[in-house]
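Working notes for the structure below.
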Amino acid sequence: RCGPGREERLVSCPFCAIIGGETPAQIVQRWPDAIAIVPLNPVRPGRHLLVIPVEHVDDALEQPVVTAVAMQRAAELAQAPCNIITSVGSEATQTVRHLHVHIVRRSEADGLMLPWSAP
C-alpha cells in the first residue's frame, strides 16, 4: 500500500518497509490507513510516538487528504500536554521522506528543546 513501485519503496523507505512487514517495529496502534510506532531514538523515551500513513507520500504538502488522516490519527492518540509536529524538507529537520507525525508527551521543565526554541 505504499504506492507505485512498492518494491523500490521497501528498499528505500524505512516506513514503507515497516508497513510492508519487512522491517520490525514496535507498533502501538494500527488503523486501515495509518500505523503508530515507537521511534528508534525517541526524544522522550516512553513519551514519543510516530503516526505514519499507510499510503506513501513524501511530506505533509504532497497529499493534503493523507496529511489530514495522519493528523486525525495523531489527535486520537495524543494526550495533553504534548507536541504534535510534522516537518517538510531536510532544512526543516525532516529526515525520512515519508510523511510522519510526531506525538511527544510533555511535562513542565522536561528540558526538551524544539528547533525554534531559544537555548
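The values are calculated or read from the model by the stated rules, or taken from the named source; none is laboratory data. This one's a predicted model, so the numbers in the text were calculated from it and none came from an experiment. No Cβ is skipped: glycine too gets one built from the backbone with ideal geometry, and neighbour counts run over all protein chains shown. Please note that ligands, DNA and RNA were not included when accessible areas were found on the heavy atoms of the full protein model with its side chains. Shrake-Rupley method; radii C 1.70, N 1.55, O 1.52, S 1.80 Å.
Tabulated values for the structure
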quantity	calculated
Verdict on Ile84 being in contact with a strand residue (DSSP E or B) (Cβ under 6 Å, 6 or more places away or on another chain), open to solvent by 50 Å² or more (accessible area, probe 1.4 Å) and aliphatic (A, V, I, L, M)	yes
Those residues of the stretch 51-74 which are under 20 Å from Ser90 (Cα atoms) and touching a Phe, Trp or Tyr at 6+ places or on another chain (Cβ under 8 Å), in sequence order	Ile52, His56
Within the stretch 28-116, strands (runs of 3 or more DSSP E) holding 2 or more residues that are touching a residue at least 60 places away in the same chain (Cβ under 8 Å) and of a type outside the set (Asp, Glu)	101-105
Residue match in the stretch 50-62 (condition: open to solvent by less than 50 Å² (accessible area, probe 1.4 Å) and among the small types (Gly, Ala, Ser))	yes
Qualifying residue in the stretch 96-115 (condition: on the phi > 0 side of the Ramachandran plot and either hydrophobic (A, V, I, L, M, F, W, C) or in contact with a strand residue (DSSP E or B) (Cβ under 9 Å, 6 or more places away or on another chain) (or both))	yes
